[in-house]
Each structure stands twice: as structure tokens, then as C-alpha cells.
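Some notes on the structure that comes next.
The values are calculated or read from the model by the stated rules, or taken from the named source; none is laboratory data. Everything quoted here is computed from the prediction, not taken from an experiment. Here the Cβ positions follow ideal geometry from the backbone for every residue, glycine too, while neighbour counts run over all protein chains shown.
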Amino acid sequence: MNARMLAQPTTSTGAPLPLPALPQDKLLTVNIEQIPLIRDVFPGIHIKPLRLDLERGEWVFMAILEPGCSLPIHYHTGTAQVWTIQGCWAYREYPEQRQTAGSYLYEPGGSVHTFYTPEDNTEDTITIAWIEGAQVSFNEDGTFHSLNDAVSIRYAIEALAAARDIGPVPYIRGNGADVAGS
């Protein structure tokens, strides 16, 4: 067997380090300034994907949200973390707990809420979200509306980018240790 052995990494003094699980010849990084904005994924909601991990079911993205936009009521099968960079947003179920610039929100799995940006916002709201699992949305009568997860988000991004002739959209792919679109 002629398997090529990888050299064990060491510190600058030669002390051995653990073996890396994936190639480590470059950082897995993207710059939001180089990611095209996918406009109107939902009305008034524009996104830039940062990382989509189809196997782990994780999706990380930057969202730019116009004043007065909203999503249907939805249920999270996993956790969600949202950092608010600019602007203001809230859940209809918690109108007194508005999220503003500098806010960090952690949502445990099983959370149910209805996202919106206030119509009187004077600027777009910018957030970065890290979602695990699916977001299952419902109509007001309780019937199924839609499901968003890492797989459907990847499909939507690729389909919208192709239809709008945007070109490749770079984002970090999970478990592949590479950047899509590069």
C-alpha cells in the first residue's frame, strides 16, 4: 500500500500537535463585501449566505430587511442565534422586546414566533443569523406554508442567482472544507 502520509503538524519549537481532520492549507473565510446580495428572497428581505452545512442542517446568513417586512408565524426545529447589527426588529408575540443594534438573541429549539420589522423604521435592519435545523412556517389558519432549511436555502440562492444572472455566490460549505463559488 502506497498511501501518502501527512506530516504531523508541530509548533515552532517542534512539539507535536494533533492531526488535522481536514486540509488546512487555507482559511475557510468569505467577505460580505464580495458576496452578492440576493434580493427579495421574501418581499423586502435580502440575504447574503455565509455558511450552508447541508449535513449538519446549519445555515448562517446576513439579512438586510426593509422597514415593514415580515415572515409567517414559524416553528424552529433547532436553535437560532441572531445578532442585530443595525436597525430594529421584533416578534409579534413579544412586541415590547424589540431587538436593536447591538442585540444578541438566542432561541432554543421549539421556539414559535412571527418576525417583523416595524414600518416606522428609518433604516434597513441588518442581522446575522445562525440557524440549526428547519424553520417551519404556517398560514394564519394553521395550515403548512413552507419549510426553510440549509438545503432549501441553498436551492433558493442558486436558483435566484442563476435566474437573475448574478453569477457564483461564495459561501462556506459545511463538511466540504471549501468555499462554494470560488
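Against the conditions (1) outside any strand (DSSP E or B); (2) surrounded by 10 or more Cβ atoms within 10 Å (Cβ to Cβ); (3) not hydroxyl-bearing (Ser, Thr, Tyr), GLU33 satisfies every one except (2). Name every residue in the range 140-171 that is under 24 Å from PRO67 (Cβ atoms) and surrounded by fewer than 18 Cβ atoms within 10 Å (Cβ to Cβ), in order of residue number. GLU140, HIS145, SER146, ALA156, LEU160, ARG164 - these are the residues of the range 140-171 that are under 24 Å from PRO67 (Cβ atoms) and surrounded by fewer than 18 Cβ atoms within 10 Å (Cβ to Cβ). Among the residues of the range 50-71, are any at pLDDT below 90 and not polar (S, T, N, Q)? Taking every residue of the range 50-71 in turn, none turns out to be at pLDDT below 90 and not polar (S, T, N, Q). The strands (runs of 3 or more DSSP E) found entirely in the range 137-182 that carry 2 or more residues being of a type outside the set (Asp, Glu) and modelled with pLDDT under 95 are 171-173, 178-180. Would you check which residues across the range 1-30 are over 30 Å from PRO170 (Cα atoms) and at pLDDT below 85 and list them? Those that are over 30 Å from PRO170 (Cα atoms) and at pLDDT below 85: MET1, ASN2, ALA3, ARG4, MET5, ALA7, GLN8.
Scanning the range 94-133 for residues that are touching a Ser or Thr at 6+ places or on another chain (Cβ under 9 Å) and surrounded by fewer than 12 Cβ atoms within 10 Å (Cβ to Cβ) yields GLY102, TYR104, TYR106, PRO108, GLY110. With respect to the conditions (1) touching a residue at least 12 places away in the same chain (Cβ under 8 Å); (2) surrounded by 10 or more Cβ atoms within 10 Å (Cβ to Cβ), GLN8 falls short on a single one, namely (1). The number of residues in the range 47-101 that are more than 22 Å from GLU132 (Cα to Cα) and among the small types (Gly, Ala, Ser) comes to 3. Remark: pairs (first residue in the range 27-49, in contact (Cβ under 8 Å) with a residue 12 or more places away in the chain; second residue of a type in the set (Asp, Glu); Cβ separation under 6 Å; 6+ apart in sequence or on different chains) = GLY44/GLU66.
Restricting the first member to the range 149-167 and to residues that are of a type in the set (Val, Ile, Thr), and the second to residues that are in a helix (DSSP H, G or I), the beta-carbon pairs closer than 8 Å and six or more apart or on different chains are ILE166/LEU160.
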